[in-house]
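J.: One structure, pasted below without further comment.
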Amino acid sequence: MGTRQGEADVIKAFPSGDWDDTELYLMQPPGYENPAYAACRLLRPLEGTKQAGNLWMTGNAKTISSLGFERCPIEPNVWRKTIDNSITIRIAIYVDNLVLRFPRDP
């Protein structure tokens, strides 16, 4: 029995990150300076911020764990799920790309 591999590129991954409990402030953009405020608070995720990748991965971790996958203790971006002690499914995440390995049908 061999394995198959599938790949996926998540479009708009970072702006869809788990943003519920996060407060992020940015300097006011040029041309929009308001002396009453020192910074602007983001209400939604913004691609390009340093926190965007971490927030997206935190959301992924919750979702993948809820599906019964276990995180690899050595490489935290690799997940594994074994079904009936014989079928193993693996997911690897790199930035906003997913690679899945699963058994080929007999």
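The values are calculated or read from the model by the stated rules, or taken from the named source; none is laboratory data. Every value quoted in this text rests on a predicted model; they were computed, and no experiment measured them. When we count neighbours, we look across all protein chains shown, and the Cβ atoms used for this are built from the backbone with ideal geometry, even at glycine. Accessible surface areas use protein heavy atoms only, side chains included; no ligands, DNA or RNA. Shrake-Rupley method; radii C 1.70, N 1.55, O 1.52, S 1.80 Å.
J.: Being at pLDDT 80 or above, outside any loop (DSSP other than H, G, I, E, B) and of a type outside the set (S, T, N, Q) is true for just one of 64, 74. Which residue is that?
T.: On the way: 74 fails: outside any loop (DSSP other than H, G, I, E, B).
Result: 64 is the single residue among 64, 74 that is at pLDDT 80 or above, outside any loop (DSSP other than H, G, I, E, B) and of a type outside the set (S, T, N, Q).
J.: Restricting region 47-77 to residues that are in contact with a strand residue (DSSP E or B) (Cβ under 9 Å, 6 or more places away or on another chain) and among the aliphatic types (A, V, I, L, M), which is surrounded by the most Cβ atoms within 10 Å (Cβ to Cβ)?
T.: Per the stated criteria, the residue is 57.
J.: While we're looking at this one, here's another question. Considering only residues of region 45-57 that are farther than 20 Å from residue 99 by Cα and among the small types (Gly, Ala, Ser), which is modelled with the lowest pLDDT?
T.: Among those residues, the one meeting the criterion is 48.
J.: I've got another one for you. When both residues are 6+ apart or on different chains and their Cβ atoms are under 6 Å apart, which pairs have a first residue that lies in region 58-87 and is under 18 Å from residue 103 (Cα atoms) and among the charged types (D, E, K, R), and a second that is assigned to a loop (DSSP other than H, G, I, E, B) and modelled with pLDDT of 90 or more?
T.: Matching pairs, first to second residue: 81/68; 81/69.
J.: Right, here's the next one. Within region 19-37, can one find any residue that is open to solvent by 40 Å² or more (accessible area, probe 1.4 Å), assigned to a helix (DSSP H, G or I) and free of Cβ contacts under 8 Å to residues at least 60 places away in the same chain?
T.: Looking only at region 19-37, we keep the residues that are open to solvent by 40 Å² or more (accessible area, probe 1.4 Å), and these are 20-21, 23, 25-27, 29-37.
Adding the requirement that they be assigned to a helix (DSSP H, G or I) leaves none.
No.
J.: Just the residues that are in contact with a helix residue (DSSP H, G or I) (Cβ under 8 Å, 6 or more places away or on another chain) and open to solvent by less than 60 Å² (accessible area, probe 1.4 Å), please, taken from region 78-97. Quick ask: steps written out before the conclusion?
T.: Taking region 78-97 first, the residues in contact with a helix residue (DSSP H, G or I) (Cβ under 8 Å, 6 or more places away or on another chain) are 79, 91, 93, 95-96.
Once the filter is applied, which keeps residues that are in contact with a helix residue (DSSP H, G or I) (Cβ under 8 Å, 6 or more places away or on another chain) and open to solvent by less than 60 Å² (accessible area, probe 1.4 Å), region 78-97 yields 79, 91, 93, 96.
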